[in-house]
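The values are calculated or read from the model by the stated rules, or taken from the named source; none is laboratory data. Keep in mind that this is a model prediction, so the values were computed, not measured. Here the Cβ is made from the backbone with ideal geometry for all residues, glycine too, and neighbour counts use every protein chain on show.
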Amino acid sequence: MDRLILTDVCPRDGLQNQSTTVSTPDKLKLIDLLVRAGVQSVEAASFVSPKAVPQMADAAEVVAGLKREHAGLRTSVLVPNLKGLERAQAAGAREIAVVLSATETMNLKNINMTLQQATEVSEQTLKSAQAHGMKTRAYVAVAFDCPFEGTTPLERVVQLSRRMLQAGADEVVIADTIGSASPGMVRDRTRALCQDIPVDRLAMHFHDTRGMAVANAWAAVEEGMRRFDVSAGGIGGCPFAPGAAGNAATEDLVLMAERSGLATGIDLMALLDAVDLAEQLLQRPLGGRSAAWLRRQREKSLQAA
Ligand code: COA
Ligand code: ZN
C-alpha cells in the first residue's frame, strides 16, 4: 500500500511556545506514547538559546533519554547555528534540522540573522553535520506567506530549497509557518518545487490556523508528496511568528490517510492516549478537527467491549 511518512514535531514545535512548562520525564512519556501508537519519526527538541525559548532548555536530556529508551526511533532536533549543532552532537543526536526562513524579516525576528547570513549559516551547519555522518533536514520557513512581508516570492522558495539540497540536506521541509496556505497555492508551489527537486527529498509542514491543514495536505498528496510533519493534538506554533496557530494534527492526517487508502503505521486509538497526556500536561483541551469524533468512537468501542 502507498504510505505517508509522518514526522511528529509535537515535542519541539508543539511544546516550544507553551505557557505551561513540561518536565523532561513528561516529555519522554509523551514521546513514548507516540512511539507506542506507531510513530516512527519525531522532532524531539531544539538546541536554541534557552533565553529565546526556555521550553527547550532541556534538549540534551530529552535526546539522552530517547537514546536510552528508543534506540530505533528516528529522532531529529532543530539547530539554528553551529553552536546548536555542537550541542546536539554532544548530546548524541543523529539527525538535525536547520531553520532558514525565506524572508529577511522572519530570519531577523527568529534567529537574529539576515537572509544571507541565515542561508550561509544553514549551509555551513548542514555541511558540518554531514561530515559527521548525521542525517539532515532543512526547513524553508514562511514558504507561503510571511507575517511581516506578505506573500513570499515562489522563486525564492525554490532557489533556497535548491541551495539547501546542494549543501547536503537529505530533505527540505517546506513550512507554512503561519498557516495561511490554501490548497490552490499548495498545488502551484508543490508543482514548481517538484520541477527542480525529487519529490522524495521534500516534506511539507502545515499549520492549521485557518482550518486548511488537511485540505492543504491532500493537495500536496495529489501532487505526489508523501512526507509530512504533524503534531499530536494539533499543538504548535513559532513564538516569533505572530498569528501562528498549531500544526496539522497527527490524528487528522492519519485519519485522512486511512480513509484514502494510504498507510501511516499509526494506530488512531493509541494516538489518542498521547493527545490525552498532552492535555493533562498543558491543562487545556487539545485535539485536531477529528479528535472529538475519534473520542466518540473510542467510547463506543469501550462500551461494546
Ligand atoms: N544554543 C544555546 N545557546 C546559544 C546558541 C544555541 N544554538 N546559539 C547562541 N547561543 C548563546 C551564545 O552562546 C550567547 O550566550 P551568552 O549570552 O551567554 O554569551 C547568546 O546565545 C547570544 O549569542 P549570539 O550568537 O549573539 O546569538 P543571538 O543573540 O543573535 O541569537 C539565536 C541567535 C539563533 C541563538 C537565537 O535567536 C535563537 O535561539 N533563536 C531560536 C529561535 C527558535 O527556536 N524559533 C522557533 C523554531 S523555528
Ligand atoms: Zn511549525
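Structure values in brief
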{"quantity": "The range 1-42: number of residues that are crowded, with 16+ Cβ neighbours inside 10 Å, among the β-branched types (Val, Ile, Thr) and part of a loop (DSSP other than H, G, I, E, B)", "calculated": "3"}
{"quantity": "Test for Ala52: is it over 20 Å from Ser231 (Cα atoms), out of contact with any His (no Cβ under 9 Å at 6 or more places or on another chain) and assigned to a helix (DSSP H, G or I)", "calculated": "no"}
{"quantity": "Some residue of the range 153-163 being within 16 Å of ligand 1 (Cβ to nearest atom), touching a residue at least 24 places away in the same chain (Cβ under 8 Å) and touching a Ser or Thr at 6+ places or on another chain (Cβ under 8 Å)", "calculated": "yes"}
{"quantity": "In the range 9-26, the residues that are touching a strand residue (DSSP E or B) at 6+ places or on another chain (Cβ under 9 Å) and either of a type in the set (Gly, Ala, Ser) or away from ligand 1 (no atom under 16 Å from the Cβ) (or both)", "calculated": "Gly14"}
{"quantity": "Test: residue in the range 49-67 that is of a type in the set (Gly, Ala, Ser), away from ligand 1 (no atom under 13 Å from the Cβ), buried (at least 18 other Cβ atoms within 10 Å of the Cβ) and under 27 Å from Gly243 (Cα atoms)", "calculated": "no"}
{"quantity": "Check on Ala45, surrounded by fewer than 19 Cβ atoms within 10 Å (Cβ to Cβ), touching a residue at least 24 places away in the same chain (Cβ under 8 Å) and either under 27 Å from Gly133 (Cβ atoms) or of a type in the set (Phe, Trp, Tyr) (or both)", "calculated": "no"}
{"quantity": "First in the range 124-143 and farther than 16 Å from Cys238 by Cα and away from ligand 1 (no atom under 13 Å from the Cβ), second anywhere and in a loop (DSSP other than H, G, I, E, B) and not small (Gly, Ala, Ser), Cβ under 6 Å, 6 or more apart", "calculated": "Met134/Arg94; Lys135/Asp170; Thr136/Asp170"}
{"quantity": "Test: residue in the range 200-213 that is of a type in the set (A, V, I, L, M, F, W, C), buried (at least 17 other Cβ atoms within 10 Å of the Cβ), over 13 Å from Asp229 (Cα atoms) and out of contact with any Cys (no Cβ under 8 Å at 6 or more places or on another chain)", "calculated": "yes"}
{"quantity": "Tally, over the range 195-209, of residues that are over 18 Å from the mean Cα position of the chain (by Cα) and in a loop (DSSP other than H, G, I, E, B)", "calculated": "2"}
{"quantity": "Output for the range 53-93, where each listed residue is within 16 Å of ligand 2 (Cβ to nearest atom) and either more than 19 Å from the chain's Cα centre (by Cα) or free of Cβ contacts under 8 Å to residues at least 60 places away in the same chain (or both)", "calculated": "Gln55, Met56, Val79, Pro80"}
{"quantity": "Unmet requirement for Gly14, which otherwise passes all of (1) under 20 Å from Gly288 (Cα atoms); (2) modelled with pLDDT of 95 or more; (3) more than 16 Å from ligand 2 (Cβ to nearest atom)", "calculated": "(3)"}
{"quantity": "Single unsatisfied condition, Phe148 versus (1) assigned to a strand (DSSP E or B); (2) of a type in the set (Phe, Trp, Tyr); (3) touching a helix residue (DSSP H, G or I) at 6+ places or on another chain (Cβ under 8 Å)", "calculated": "(1)"}
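Let's see how each residue does on (1) assigned to a helix (DSSP H, G or I); (2) of a type outside the set (Ser, Thr, Tyr):
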site	(1), (2)
Arg191	yes, yes
Val230	no, yes
Gly236	no, yes
Ala257	yes, yes
Ser260	no, no
